Amino acid sequence: MRIFMNFSQKIFSVSLFVIIVTSTNGVDTNTKRMAELIARIQVERADKGWDDPANFLENHDFLRTMPDFQTLEGLLQKHCQEALRDFPEIAPSEISQSIVILALWSLPPYAYIKALHETVGYAESGIITNMHLLDCAVLPRNGRAEGVLIDNYREPLVKEALLRADRVFSNRWPQRAGSFGSIISGDAKRDRDAYRLDIAAGRILNPIRLSRYWLASLVIGIVVFAAVLFMRQKTRTRSNESRQ
C-alpha cells in the first residue's frame, strides 16, 4: 500500500510538473526557469512523503541544502518582481506556493518588504488560500528576512503590509488576527533588543549555551550512571566468587 502511495505521489508530481511548465508558456525565460525549478523540487521530494505545505515549512532547513532550491533563491534575488508578477502561473498549488514563500526568505530586507506586499495581495484576492503560508510570509522563521519587519517597524510599507495581512486573518483565521500589534508599535523590537542586552550582560543564559549545558550534564549523568552500574556488577561478581 505504501509503495502504491509513493508511486501515486510521484505520478501526481510529474503531472504537476507538466502542467506548470505548460502553463508558463506565456511568461518570460527567467520566470519559466523558476517554474521548472519549483516543479522539480516537488518531484524530488515526492518520495519523502512531503505532500502538503506543512511538510515543506517544517523542513525548510533541509530544502536550503537542495541545489534546485538554492538556484531558485538565486534567481529570486535578481528576478523577484517577475516571479511575483507571474505568481499564479508558477505557483498554482499550495505546495508550490510554499516553496516560493520559503525561497523569498533569502531576499534582502527592502526587497522582502516589497515582496510581502505582493504576497498579501495574492492572499487578499484569494489566490493564496492557506493562511499558514501567509503567516510564514509575514513572520519568516529564518533566512535574511527573519526579523526584518521587527527591525523596520517604522517604515510605512511595513505597517501597511501588517495591517493588510491582519485584515485577511480577521476574515479567514480570526485566532491569528491582532497578532502584529507589538511589531507595529515597536514593542517587539524593544523587547528583543532588551533580551539581547541581557544575554550579552550575562543576566540571562544564552539559549544555545544553556542547551549545551543540559547536553553536557546529560552525557556526564549517563557516564556516571554507567560507571556505578559497572562497579556494582563487578562487586557482585567478586562477592559470588568469594562465596564459591
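Set side by side, the residues Asn152, Asn171 differ, and just one is closer than 20 Å to Leu76 by Cβ and of a type in the set (S, T, N, Q), which is Asn152.
Residue by residue, here is whether (1) modelled with pLDDT of 80 or more; (2) part of a helix (DSSP H, G or I); (3) surrounded by 15 or more Cβ atoms within 10 Å (Cβ to Cβ); (4) polar (S, T, N, Q) holds:
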| residue | (1), (2), (3), (4) |
| --- | --- |
| Val27 | no, no, yes, no |
| Thr31 | yes, yes, yes, yes |
| Ala39 | yes, yes, yes, no |
| Phe56 | no, yes, yes, no |
| Phe62 | no, yes, no, no |
| Thr65 | yes, no, no, yes |
| Gly74 | yes, yes, no, no |
| Leu84 | yes, yes, yes, no |
| Glu89 | yes, yes, yes, no |
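Filtering segment 116-131 to residues that are at positive phi and either buried (at least 17 other Cβ atoms within 10 Å of the Cβ) or β-branched (Val, Ile, Thr) (or both) leaves nothing. Sort out which residues of segment 124-143 are part of a helix (DSSP H, G or I) and over 23 Å from Phe69 (Cβ atoms), and write them in order of number. The answer is Glu124, Met131. What helices (runs of 4 or more DSSP H) lie completely within segment 144-244 and have 1 or more residues being basic (Lys, Arg) and at pLDDT below 70? Answer list for segment 144-244: 207-243.
The values are calculated or read from the model by the stated rules, or taken from the named source; none is laboratory data. Given the structure is predicted, the values throughout are model-derived calculations rather than measurements. Virtual Cβ from ideal backbone geometry, glycine too; neighbours counted across all protein chains shown.
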